[in-house]
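So the structure is just underneath, and the comments pick up after that.
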Amino acid sequence: MKKRSLKISLTNQIMIATVLGIFWGVSFPGLGDQMQLVGNFFLRLIQMSVVVLVMGSVIEAVGGLDPKELGGIGGKVFLWFTGSTLVAAIFGLFFALILKPGAGLDQSLLQSTETALSTSSMEEVILNFVPLNIIQAMVEQNMIQVIIFSLFFGLALSLIKHEKKNQLFLDMISSFNHILIKMVSMIMKLAPIGIFGLVASLVEDTGIRVLGMLASFLLTLAAASLLFLFLWFLLTSLYCKVSLFRLIKNMWRLSVISFTTTSSAVSLPFQIEDGKERFGISDRINKLVMPLGMTLNSNGLSLFLALAIVTVAQAYQIQLSLGDLLQVVLLSSLACLGTIVVPGGGLVTLATVLPMLGLPNESIALLAGIDWFSGMFRTLLNVDPDVTVALIVAHDEGELDRAVFNGEKAPVKLAEKITDGV
């Protein structure tokens, strides 16, 4: 009788590494720099291909569409993204007004902290959506500019493919994307080691002091995020007529990865993979919605910004009028466009929004102390709804394989698909 080997899934390895990282950071202080080096090295391995992966995925998705179909699908995606981002901002505002987390902040500490900020006018924000130089945009990892270029490139490719009846270049891009996804999958085998290093260094640097000082803010963010996510899952299951339990089960691996890495960029390859292999979303929808969602559908950031703005106002005992609250919702939603999709990007956006409302700049430095923890919930809400929107659009377009979603059959793996084409 053969002995069965114990195989631990990547998801469970990541969860174990997180627990061990917390234990290591508390028990063995003094090794923070070494642990941080391990974690940052892993993140760099992942991030080095993200810009090219986003560009290739969008070009392939848009270039593979019929020009007449692009408007219909694009309109649906935009409406769902816009609607969910607005609702998320309202959620953050509502929870901040009800639970009042700012009342518990140490105001004297806020006043003793200074942060230098760079502000931009609304005109500059809008103009910055379009790149002056696509190479520069790629170097700076400005995702909204990369996506704008990729959309136009993909549209031109779609028109040429339709006119010339030739998709040789499109096939080349598709093969290139498969290679990138395979490369990222190889790197992700190092995820447990990288996440262990990140968590261990973080716990050593901050300890329990920062968590205790801003516990009310973090608990409010957690409650608002989890309730929003559950209601959004419920809406998706009712709209698409799928099992809520199965939806949550299929989303579990992606939720763990996004929550622990706090990076939408790191999560993107797994969104694309799970969208096909766990949810049964067609490649056409999958490779268009996921990369767009990474930049345009930032529910977690929108909720965080609204909550953070009101929390800062409460800490400084600043009364916000109804007009101010409306402005909070609009700014929290609009500021999510073109945000940085790596850990720490939320603070950059917060630094842009707070001065627009005349709120104290120095509060950003305090929130930076818990940015990793708040980033866990931001990323969770940024990533999971992208998949649900893709699921909704696939349902509308009749391109949802319910047998795959329900686990009744396995889809064709990417590796098998490439082999078949050789």
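The values are calculated or read from the model by the stated rules, or taken from the named source; none is laboratory data. Nothing here was measured: the structure is a model prediction, and the numbers come from that model. Using ideal geometry, Cβ is built from the backbone for each residue, glycine included, and neighbour counts are taken over all protein chains shown. Areas reflect the complete protein model, heavy atoms only, side chains present, ligands, DNA and RNA absent. Shrake-Rupley method; radii C 1.70, N 1.55, O 1.52, S 1.80 Å.
Miscellaneous remarks
- Solvent accessible area, Å² - HIS395, 1.4 Å probe, full protein context: 50
- Exposure rank, largest accessible area first [PHE373, PHE230, PHE270; 1.4 Å]: PHE230, PHE373, PHE270
- Percentage relative contact order, the range 166-307, counting C-alpha pairs under 8 Å, at least six apart: 20
- If R0 equals 35 Å, the separation of the Cβ atoms of ILE160 and LYS409 corresponds to a calculated FRET efficiency of about 0.45.
- The stretch between GLU397 and GLN47 holds 122.8 nm of extra length on full extension. This uses 0.36 nm per residue minus the Cα-Cα distance.
- Each label point was placed 7 Å from the Cα along the Cα-to-Cβ direction; for ASN128 and SER27 their separation is 4.5 nm.
- Residue-span extension gain [MET172 to GLN13] - 0.36 nm each, minus C-alpha spacing: 53.7 nm
- Which of SER264, SER243, GLN327, positive extreme of dipole for the range 210-328 (C-beta unit charges): SER243
- Measuring between their Cα centroids, the range 22-54 and the range 289-339 lie 28 Å from each other.
- Fully extending the segment from LYS182 to LEU97 would add 26.0 nm, taking 0.36 nm per residue of separation and subtracting the current Cα-Cα distance.
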